[in-house]
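**Student:** Mind having a look at this structure? Questions to follow.
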Amino acid sequence: MRKLLLFGTGLASIACRSDKVIIANFQPPEVVIQEPSDGSNFYVGQFLRFKAFTQGSSDEDVSEFTHQWSTGSQTICEPEFFDEDGYGFCTVYSPWAC
């Protein structure tokens with residue numbers, strides 16, 4: 001029994017000295033704002049439509065990701081999930097001019 005215990009302890013110490021490294025490589029999905037285009041003008045009282053597209057890696061389901069639209073510290077649209085095609089939308093009434 002004593003030999004078995006010493007042998008088991010020796011194996012455990014060998015296993016703990018190995019140079020095994022586990023690397024987790026996660027790339028966040030890229031998001032592209034498609035609407036409105038840069039430099040767009042809006043009028044007070046106009047509805048604004050925001051559209052974004054995201055694409056994750058081949059093994060990611062983009063419909064599990066959420067998007068939120070904000071300006072400065074003000075949230076314009078609360079977090080929502082992207083659709084299964086990778087699109088996220090936000091439509092908001094504009095009481096301000098941009």
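The values are calculated or read from the model by the stated rules, or taken from the named source; none is laboratory data. Keep in mind that this is a model prediction, so the values were computed, not measured.
**Student:** Got a number for residues in the stretch 57-98 being more than 17 Å from Ile33 (Cα to Cα) and among the aliphatic types (A, V, I, L, M)?
**Tutor:** So the count comes out to 1.
**Student:** Could I ask something else about it? Does Ser57 satisfy the condition of being modelled with pLDDT under 85, assigned to a loop (DSSP other than H, G, I, E, B) and among the polar types (S, T, N, Q)?
**Tutor:** yes
**Student:** Could you check, for the stretch 24-31, whether at least one of its residues is over 18 Å from Ile76 (Cα atoms), part of a loop (DSSP other than H, G, I, E, B), modelled with pLDDT under 75 and not polar (S, T, N, Q)?
**Tutor:** Taking every residue of the stretch 24-31 in turn, at least one turns out to be over 18 Å from Ile76 (Cα atoms), part of a loop (DSSP other than H, G, I, E, B), modelled with pLDDT under 75 and not polar (S, T, N, Q).
**Student:** Determine whether Ser18 is modelled with pLDDT under 85, of a type in the set (S, T, N, Q) and over 24 Å from Phe82 (Cα atoms).
**Tutor:** yes
**Student:** Scan the stretch 59-98 for residues that are more than 14 Å from the chain's Cα centre (by Cα) and small (Gly, Ala, Ser) and report the count.
**Tutor:** Total meeting the criteria: 5.
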